[in-house]
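Heads up, the thing below is written out as structure tokens.
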Amino acid sequence: MRKFTPKVKKLGTSSYERLKLSQALSQAGRFDEALAELEAVLPTLPNSIYTHLALGNIYLLQKRYDEALFHFQTLTDLDPLLSQGSLKTGSLYLKLGKLELALAQFQLALNLDPQSISVYIGMGQLCVKKQQYEAAIQNFLQVVKLNSEMIFGYILLAETYNKQKKISLAIEQLQTALKIKPNLLLAHVRLGRLYLQRKNHRIARKYFQQAIDLNPFSIEAKLGLSEALIQANELKAANEIVKELPELSKQTPKKIEIFPGANDSNSKNIFDDTSSLELILYSYALEEQERYLSEE
């Protein structure tokens with residue numbers, strides 16, 4: 001919730017187009033190219049909320065923490081009532097394991113925006129780090145209460161229930177996520193893993209195969225399928241998959257076309273094909289920062 005916005009220089013057409021291009025490049029996972037566009041624009045737009053937020057998000061993903069911190073703190077300097085500055089600084093401290101500093105920043109962000117889904121995600125992840133699983137669950141439940149289609153909330157609930165050895169509850173959360181987004185690779189892979197824990201190789205195999213159908217380059221799904229085959233005592237088939245893995249790791253999926261229509265609902269996004277929690281969380285950061293692009 002933004003209560004104060006400083007006067008900023010109105011974007012020229014070329015600057016705005018470069019910012020739009022940086023957003024599309026980020027959505028396609030082409031982070032270095034996105035950074036180049038953002039850094040080229042920044043000298044002419046030093047007070048741009050979107051530019052500092054987008055730069056900080058990429059630097060955080062790339063573990064360039066000092067650079068990320070500069071841009072997140074700049075957000076607070078530009079707009080003291082903008083919750084994103086405290087939220088993102090808290091997320092950075094969480095990555096560094098500075099839990100008390102992260103907590104202080106999350107509380108500041110929550111005071112500025114009590115309905116912020118991202119703050120509850122951060123608070124929940126902090127509680128998981130502290131092994132305070134019940135508190136984490138309450139935060140993640142607040143995420144899905146605020147937005148019942150926030151699939152990342154269900155994924156985080158599943159991860160936390162799994163840490164508590166509550167496998168049935170974890171499975172329920174991932175199945176809910178798949179009802180919302182049936183092609184969510186991470187959910188298929190995680191469900192396969194949970195059924196392997198239950199020694200149910202038949203259902204595990206089904207989920208891993210579905211993940212491979214979604215992304216033939218997913219090493220995690222292939223490895224999971226091989227483990228399911230081993231549980232089923234199909235050792236020859238498992239060995240054939242394992243032999244594919246070194247070559248598979250050298251391959252890359254076809255590049256994603258980012259223009260035209262990179263933001264259309266039917267366009268493909270690199271994050272649809274990932275089983276990385278970190279990348280999926282970044283995809284939500286992209287959605288959040290895009291709102292600020294429309295305000296520039």
Exercise. For volume of the Cα convex hull per residue in Å³, the choices are (i) 158; (ii) 145; (iii) 131; which was calculated from the structure?
Worked result: (iii)
Problem set entry | Phi-based couplings in Hz for the stretch 14-29 (Karplus 6.51, -1.76, 1.60; Gly and Pro marked x) | 5, 5, 4, 5, 5, 5, 4, 5, 4, 5, 5, 4, 5, 4, 8, x
Exercise. Of Lys20/Lys129; Lys63/Lys130; Lys98/Lys206; Lys166/Lys236, which sit over 31 Å apart, Cα to Cα?
Worked result: Lys20/Lys129; Lys98/Lys206; Lys166/Lys236
Exercise. Which whole-Hz ³J(HN,Hα) couplings does the stretch 190-204 yield from phi under the Karplus relation 6.51 cos²θ - 1.76 cosθ + 1.60, θ = phi - 60°, glycine and proline marked x?
Worked result: 5, 5, x, 5, 5, 6, 5, 4, 7, 6, 9, 5, 5, 6, 4
Problem set entry | Average Cα contact separation per residue, the stretch 1-152, under 8 Å, 6 or more apart, as relative contact order % | 16 percent
Exercise. How far is the Cα center of the stretch 29-89 from the Cα center of the stretch 141-166, in Å?
Worked result: 28 Å
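No value in this document is a laboratory result; all are computed from the given coordinates. What you see is a predicted model, and the numbers here were worked out from it, not measured in a lab.
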